[in-house]
Each structure stands twice: as structure tokens, then as C-alpha cells.
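The block underneath contains the structure these notes are about, expressed in C-alpha cells.
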Amino acid sequence: MLKINPPEKWIETGLFMAAVVSAVAIVSILLLLIYFCLPLFSGNGLSRVFSWRWQPIDGQFGILPMCAGSLALSILALGIAFPPAIGICTLVHVLSRGVFARIVLILTHFMTGIPTVIYGFVSVFVLVPRIRSLSEAGTGFSLLTAAITLAILILPTIVLVCYTRLEQLDPVLRLASAAMGFTPIQQMRHVLMPAATKGVAAAAILGLGRAMGDTLISLMLAGNAAQFPGSLFTSFRSLTAHIGLVVATDSQSLAYQSVFAAGLVLFLLVAALNLIIRKTDNRITANAFLRVQETRHEQNF
Amino acid sequence: MEPAVVISNLEVLFFGKAVLKDIHLSLWPGRITVLVGPSGSGKSTLLRAINRLNEFFPDCQTRGSVSLHLQNQYHGDIYQNTIPLSDLRRRVGMVFQTPAVLPFSIEKNITMPLQVTVGLTGSALTERMTRALQEVALWDEVKDRLKSSANTLSGGQQQRLCLARVLALEPQILLLDEPTASLDYKSAARIESLLLNLKERYTILAISHSLSQTRRIADRVCVLRQGQLIQEMDRNDMADIRTFQGLMEAAF
Ligand SMILES: Nc1ncnc2c1ncn2[C@@H]1O[C@H](COP(=O)(O)OP(=O)(O)OP(=O)(O)O)[C@@H](O)[C@H]1O
Ligand SMILES: [Mg+2]
């Protein structure tokens, strides 16, 4: 038996406590949200909250437009951010590994540190007028404006996670594919990316989660009309912005309670994304495990 | 006959330090040249100089020239960009010291490079894969599990898969870095007889640490020590095992 000396024991206890505290915190947040949502389950509260109309004056408190808004915004932002993120990874991983690559990476790191409000602020002056002139009708505060800005916000997250996974790959993969005559782009497309699928998927989902959770960008750029985001140029409202707006202006009515439903939906969406990341992980490890078992059998017989 | 590869005055430096110097070496089609030498003497580096793979590593400089003569076509010095890099590497196939399988299925390890670099599709693709796997005597072991991951193969099977992958690309020159290092006696013997068959069609430069193997397959042996070629031996020098061992001991 190994003897554990006191400091190690303390560290272990400390880490265990920290883990318990975080777990308890997350579970209590969920329970609290459910508790505050309980009144909605009595009467026809639920059907009033999960409806398509938000008109508090008429007693309509539907949050579905906001759910649709959040989904449309985050998926669109990911769609805009993902291709250039992969492009940047290709650039710094296989095309140019020298000083230029290092500068790009430093800039990417730097981007993660820029406060969100700066992106929003710059976008109001740079992007909004352009979108406005593009769409003819409309103010320029729209789904597209928010999605583009949000894409820039989540881009560095995706790049850095992807890049880390690519760097973790066995360097022999690149060497072997180069030795077969693969050009750098072919190495990336046919060997490195497929070998790092799990990491690339995790990066994308992480970016999606970040986009879904962001409040300020949509608050500043989406126009906040509580309506279904029917086109790229319509104004809409995300769940996060909705919570912020209602909490800031109201504190009693069903409107206020519906905010907890919005919070719960958001919480569940983000939790689902995390589960998906875990699932991809697990599935892959489970597969690998099965394959190893398979070969063991073959070798035995 | 023209030599397929002419290396002259080659010098390779890593971080300013010469790893190979003053190398003059010609390789002829139809012959197996075996490179021997102590660990760290620069054998792998010399192999990589012929497909320009040293450039892959940071701070590597190559001086001198390596010219190719492939299929009645003279290509000149590869370091003067006389041949596109990807063409060069497809014609000069290389098997690494440690097997470098791709983390895909056994089948895809062979077919994907063919699709990507040669543009082969359909039945031609399957045909070539089957032939390559048969040539390296791996077909019977994997024919029922072509779709399972190449990582589940044993070390020796992986090494043969890598050899099959290179052969499927139909190169003209083969660079083999200890191709039988992780193989048992029987599979090593199979690979050796395969190499003896292949040498009709290819120009082969192989590294070996086994003197008995060297005697069995080599038409010519080159001894490398501290980055310099210090001795060359041909079949006559190897005919008598005593003389050969004496020469090798003197060289090492
Ligand atoms: N990428 C690299 N960067 C720096 N030094 C290198 C690199 N590759 C090889 N070297 C150096 O060059 C020398 C020769 O290495 P090489 O791999 O060619 O030896 P080798 O003869 O193949 O040895 P072994 O029999 O152990 O495989 C060694 O001193 C090694 O440290
Ligand atoms: Mg070596």
C-alpha cells in the first residue's frame, strides 16, 4: 500500500470539496429555475408561455419566438464562423508554421480577451449601416448583423480548440502523408481533419454554446423585436436578451415568471450541447474499446 | 544503364550542425543497396534527403545535389525544383522506421492515398489494394476485416500495411527504413523475398541493422558513420561470411 502523506490528503480533500460545491451549485440553479417555473404548470400558464405571441399588454407571454431567435442566431453564427476557423487552422497548422503562424495565433488569443461590448459597439457603427443599405427596408439591426458579429466573437474559441486538437495529433501522420505526396491542403483535408473529427466537432459545439449564451451582442444588434426571425434582415430577440430586458423592467407579473421559463429553456439547451460533446467523446472511446476486444478475440482463436 | 539516383556532395544540417557531409552515392534500378551504420549516424536523414522530407523539420538545410533519372526521363537536381514536390514524393516511396498507419480502416489506409494523389476510383482501386496486400503477404490476415481500424493491427502487420500502401502508389524508387524491424522471423523472411522480387521493378535503398539480413538481400552495402560514407561493399566482399564480418567490424 502507498502511504498518503498529510499535504496530499489535504489537497485531495480540498479538490473533493471544490467538486462537491460546483456540483451542488449547478443542481441548485436547476432546481431553483424549476421552482420558479412551478406556478406556470398550474392552470394554462404553460400553454401561454410556450406560445408564439409575446404581447404583455394583451396578456400574451409566449417565449417561442425568442427560442427560435436564439437557435437561428447561434446556428447562423456558427455557420459563418466555422469555415474561416477551419481556414485559419489550416493556415497556421500546415501552410505556414513560422513567424506568420505565431502572429496569427497571438492575435487569435488576443481576440478572446476583447470585451464583448467592443464588438457590439464597433458593429453598430460599421456593420449596421451597411446591412441597412443592403436590405432597403429595415433598420439594420437584424439577425444577420447579430450573427456576423457573434461569429467574430466565437471564431477564436473554435480556432483555438481545433488548433489544440490538431497539435495533439501524432506528427507522424503529417510526415507520412507528406511522404506519399499529399500537398499541405490534402494533408489537412484527408488526414488531419478526419483524424481530429472529435476535436473539430467539440470545437463547433463549444462555439455554438458560446453563441447561444451570449447576451450583449444580440441585445445591442438584434433590434429586440419579440417576433419570429423570418429572414436575415428581420429584427428579433434572443432568449438571453429577453431575460435581460424583462428583468430590468418588470418584477411581478406573468411576464416576470415567463423569464424563468426562458432561463430554464436556455439552461437545458446549453446542457444538451454539453451532453452532445460528452456523447461524441464516449461513443468514440467505446468504439475503440470494442475494436480492441474484437482483435483480442481474433488473436485468441 | 543510367543510375536512377545520383547524390553528389550532399550535406544536411540540422540547426547549423552537419548531420550528413560529403555524401556521394548512386543507386541503380534492379539493385538493392543496403545502408548500415551505428544509431545516429544519419541513415534515416540520408533516406529523407532523397524525397526532400528533411525540409519538413524546422531549421534544416540541404546542400549539394540529388538528381533523378526515372523511366527514361532525366529530372535533374530535385533541390532545384525540377520536379513538383508531390510528384517527387509519389515516385519515391518511403516506409518509415516505425509504422505510420493512418487512424482509419485498413482498406482506407491504402485506397485513400490512391484516390487523393493518383485519382484512382472504382474497381481499379480495389484491384490495386488487393494486389498490394497480397504482395506483402497481409491479404489472408486482413481480408475479412478490411473495414476495421488499422490501429488494431499488430506492429508487424502495420509495417506490412505501410509497405503495401507505398507499393500501391507504384513508385519507382523505394526507401525502406528498417522494413523488418518489428517483424517475426517468418514475416521478415517473407518481406525479404518480396524485396528480392521487387528489385526487378524498383530502385531500392534500405536500412538494416541485421548483418545476416544485409548479406541475404544486398547487392551493395554502404556504411555510414558520423554522417559520412566510409565504406562500400559489393557481393564479392559479402560472399565469405568471415571477410564480411571482418569488414563490418572494421567499419563500425
Ligand atoms: N529533425 C531533426 N532535428 C534535429 N536533429 C535531427 C533531426 N533528425 C535527425 N537529427 C539528428 O541527425 C542525426 C542522425 O539522425 P538519423 O535519424 O538520420 O540517424 P539514424 O542513423 O537513422 O539512427 P537510427 O539507427 O537510430 O535510426 C542524429 O544525431 C539526430 O539527432
Ligand atoms: Mg533512423
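The values are calculated or read from the model by the stated rules, or taken from the named source; none is laboratory data. Keep in mind the model is a prediction, meaning the values are calculated, not measured. Note that we place each Cβ from the backbone using ideal geometry, even for glycine, and neighbour counts take in every protein chain shown. Heavy atoms of the whole protein, side chains included, go into the accessibility calculation; ligands, DNA and RNA do not. Shrake-Rupley method; radii C 1.70, N 1.55, O 1.52, S 1.80 Å.
Chain B packed on chain A takes about 2000 Å² of accessible surface away from a 1.4 Å probe, both sides summed. With 22 Å as the limit on Cα-Cα distance, the pairs of B:Lys21/B:Lys43; A:Lys198/A:Lys279; B:Lys43/B:Lys108; B:Lys143/B:Lys186; B:Lys147/B:Lys186 that go past it are B:Lys43/B:Lys108; B:Lys147/B:Lys186. Dimensions of the stretch A:130-235 based on its C-alpha atoms, expressed as ranges along the principal axes with the largest first, amount to 56, 26, 19 Å. With Cα atoms defining each centre, the stretch B:183-252 and the stretch B:1-76 are spaced 18 Å apart in the structure.
How big is the shadow of the Cα convex hull of the stretch A:43-300, averaged over all directions, in nm²?
Mean shadow area of the hull around the Cα atoms is 19.1 nm².
As a rough guide to protection, the peptides B:201-208, A:88-95 ranked by mean Cβ packing within 10 Å, highest first, stand as B:201-208, A:88-95. Debye-formula intensities of the protein assembly as shown, expressed as log10 I(q)/I(0) at q = 0.06, 0.09, 0.11, 0.13 Å⁻¹, are -0.47, -0.84, -1.03, -1.23 (one equal scatterer per alpha-carbon, no solvent). Backbone geometry of the stretch B:166-179 corresponds, through the Karplus equation with coefficients 6.51, -1.76 and 1.60 at θ = phi - 60°, to 3J(HN,Hα) couplings of 5, 4, 4, 6, 6, x, 9, 10, 10, 10, 10, 9, 6, x Hz, x marking Gly and Pro. Ligands, DNA and RNA left out, the accessible area of the stretch A:43-300 computed with a 1.4 Å probe is 67% carbon and sulfur. Here the Kirkwood formula puts the hydrodynamic radius of the stretch B:104-252 at 16.8 Å, using every distinct Cα pair. Solvent exposure of the stretch A:43-300 amounts to 48 Å² per residue of accessible area, where only protein heavy atoms count and the probe is 1.4 Å.
Sorted from greatest to least, the principal axis extents spanned by the alpha carbons of the stretch A:41-106 come out as 65, 20, 16 Å. Each listed q (0.14, 0.18, 0.19 Å⁻¹) maps to a log10 I(q)/I(0) for the stretch B:180-243 from the Debye sum over equal C-alpha point scatterers, namely -0.46, -0.75, -0.83. D by Stokes-Einstein for chain B, Kirkwood Rh over Cα pairs, 25 °C, 0.890 mPa s: 131 µm²/s.
Between B:Val95, B:Val19, B:Val221, the Gaussian network model of chain B with springs among Cα atoms under 10 angstrom shows the greatest mean-square fluctuation at B:Val19.
For A:Ala248 and A:Phe125, FRET efficiency with R0 = 30 Å and r from the beta-carbon atoms, rounded to 0.05?
0.80
Counting, for every residue in A:186-196, the Cβ atoms of other protein chains within 10 Å of its Cβ and taking the mean gives 3. Taking every residue in B:79-91 and counting other chain Cβ atoms within 10 Å of its Cβ, the average works out to 2.
Couplings for the stretch A:64-78, taken from phi via the Karplus curve 6.51 cos²θ - 1.76 cosθ + 1.60 with θ = phi - 60°, read 4, x, 6, 4, 4, x, 4, 5, 4, 4, 6, 5, 5, 4, 5 Hz in order; Gly and Pro are left as x. Each of A:Ala19, B:Leu247, B:Ile32 was scored by the projection of its Cα onto the charge dipole of the protein assembly as shown, and the greatest displacement toward the positive side belongs to A:Ala19; charges sit on the C-beta of Lys, Arg, Asp and Glu. Between 0 and 90 degrees, the angle of helix A:197-213 with respect to the longest Cα principal axis of chain A falls at about 20 degrees. Can you give me the Rg/Rh ratio for the stretch B:1-42, using Cα atoms for both radii and the Kirkwood formula for Rh? Radius of gyration over Kirkwood radius for the stretch B:1-42 works out to 1.05. Counting only other chain Cβ atoms within 10 Å of each residue's Cβ, the peptide B:100-112 averages 3.
Per residue, the protein assembly as shown reaches -18500 deg cm²/dmol at 222 nm when only DSSP H runs of four or more residues are counted, each adding -39500 (n - 2.57). Cα centroids of the stretch A:105-154 and the stretch A:197-238: how far apart, whole angstrom? If we compute the Cα centre of each part, the gap is 12 Å.
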